[in-house]
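The values are calculated or read from the model by the stated rules, or taken from the named source; none is laboratory data. Keep in mind the model is a prediction, meaning the values are calculated, not measured. Virtual Cβ from ideal backbone geometry, glycine too; neighbours counted across all protein chains shown. With ligands, DNA and RNA removed, areas are computed over all heavy atoms of the protein, side chains included. Shrake-Rupley method; radii C 1.70, N 1.55, O 1.52, S 1.80 Å.
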Amino acid sequence: MLTSAKYEHRQIALHVTASGRELRMNMSKERMIDLVKIRKANALRTAANSFSIDMYSDGSLSEQIGGLANIIQTDGTGTVGGIVSGTYTFWKNKFKEMTGTNLAATPNATNAVSMKADMNNLWLSLNRGADKPDTIIMSHDFYTLYELGEQQLQRYADADLAQAGFQSLKYKSANVIFDDNTNFATTAEKAYFLNTDYLYLRQHSEAKWTVDDEKRPTNQDAVVIPIYWMGNMVCSNRSLQGVLFDAA
């Protein structure tokens, strides 16, 4: 039996506006700034930051992409890509609740060791031949606890790394990342174990932050420039994605 995952397109539209007065004040060769160019750049920068947050979302907002909280759930279930994982259990993601209570709330060497044991357990469940997680994204509290555990081992590390903190963190072959653009709360207590060979950000070929021709409203002295994006985050194998969390 072959089951296909199907993801709905999500759409984003930005509108860069400038009044006729503003344009005329900045149209000579002595102009201080290229008004429209600057506003387009600012709009795209703001959109990029918002989009980064959406990549961790559950996709519950209107036209929001289905982010990691949608694809990788703390009980492995959910309907993702149109497939009900309660019915098709091969589509469940892996998950592991940490042993103990509020380990990340009290970052110490003992809790760091306990966290590493739970990470080992989840890691093994996500290995399939050459397939294994390549990226681990942690919430602020998990990252702090994991970093503390690594610092305890610095006496065994190369002298160039024996500093107050590592320049980059690894877990086995995976990069360990804290992304400040996530919508994690400081105490979210969550870590996503990602196999990015099976995660994609799909974009429509004609809506990849595509800038449309400028429009002039008939009832305003202004210019409007639409910018479009359409697509979604998709996963082709949920069983190789996992999440470590502390629900206590």
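State in Å² the accessible area per residue of the chain; use a 1.4 Å probe, count heavy atoms of protein chains only, and round to the nearest integer. Provide the component values of the computation, followed by the final result.
On the way: 13920 Å² over 248 residues.
Per residue, the chain has 56 Å² of solvent-accessible surface.
Rounded to the nearest 500, what is the chain's calculated 222 nm mean residue ellipticity when only DSSP H runs of at least 4 contribute -39500 (n - 2.57) each, over all residues? Each step should come with its number before you reach the end.
Working: 5 runs with 59 residues, N = 248.
Per the formula, -7500 deg cm²/dmol.
What lysines sit close enough to residue 132 to cross-link, taking a C-alpha to C-alpha distance under 28 Å and skipping anything fewer than 8 places away on the same chain?
Cα-Cα hits under 28 Å: 6, 92, 94, 96, 116, 170, 172, 190.
With the calculation restricted to Cα positions, what are the radius of gyration and Dmax of the stretch 1-136 in angstrom?
So, for the stretch 1-136, Rg and Dmax equal 23.3, 68 Å respectively.
About its Cα centre, how strong a charge dipole does the chain have in debye, to the nearest 20, once Lys and Arg get +1 and Asp and Glu get -1 at the Cβ? It would help to have the intermediate numbers written out before the result.
Working: 25 positive and 27 negative charges, 106 e Å.
In total the dipole reaches around 520 debye.
Determine the order of 230, 27 by accessible area, beginning with the largest, at a probe radius of 1.4 Å. Write down the numbers at each step before the final one.
On the way: 230 40, 27 135 Å².
From most exposed to least exposed: 27, 230.
Going through the DSSP H helices of the chain, which span 18 Å or more along their own axis at the Cα atoms while scoring at least -1.0 as a mean Kyte-Doolittle hydropathy? Spell out each step's value before the answer.
Working: long enough: 35-54 (28 Å, 0.06); 109-125 (25 Å, -0.01).
Sorted by number, the helices that extend far enough and score high enough are 35-54, 109-125.
Between residue 208 and residue 23, what is 0.36 nm times their sequence separation minus the Cα-Cα distance? Round to one decimal in nm.
Working: separation 185, 0.36 × 185 = 66.60 nm, distance 2.68 nm.
Value of the extension gain: 63.9 nm.
Within 10 Å, count the other beta carbons around each residue, average over each peptide in 43-56, 111-124, and list them highest first. Could you put the intermediate results ahead of the total?
On the way: 43-56: 15.1, 111-124: 17.0.
Averaged packing, sorted descending, gives the order 111-124, 43-56.
Suppose a student asked you for the relative contact order of the chain, using Cα pairs under 8 Å spaced at least 6 residues apart; what percent would you report?
Numbers: 445 pairs, mean separation 72.3, N = 248.
Computed over the chain, the figure is 29 percent.
Could you put 206, 189, 63, 147 in order of accessible surface area, largest first, with the 1.4 Å probe and the full protein assembly present? Before the final figure, lay out each step's value.
Details: 206 140, 189 20, 63 75, 147 50 Å².
Ranking 206, 189, 63, 147 by accessible area, largest first, yields 206, 63, 147, 189.
Rounded to the nearest Å, what's the spacing between the alpha carbon centres of the stretch 203-226 and the stretch 55-89? Just the number, please.
One Cα centre to the other: 32 Å.
Compare the peptides 99-108, 213-222 by average per-residue count of other Cβ atoms within 10 angstrom and give them in order, highest first. Could you put the intermediate results ahead of the total?
Working: 99-108: 15.4, 213-222: 10.2.
Descending packing order for the listed peptides: 99-108, 213-222.
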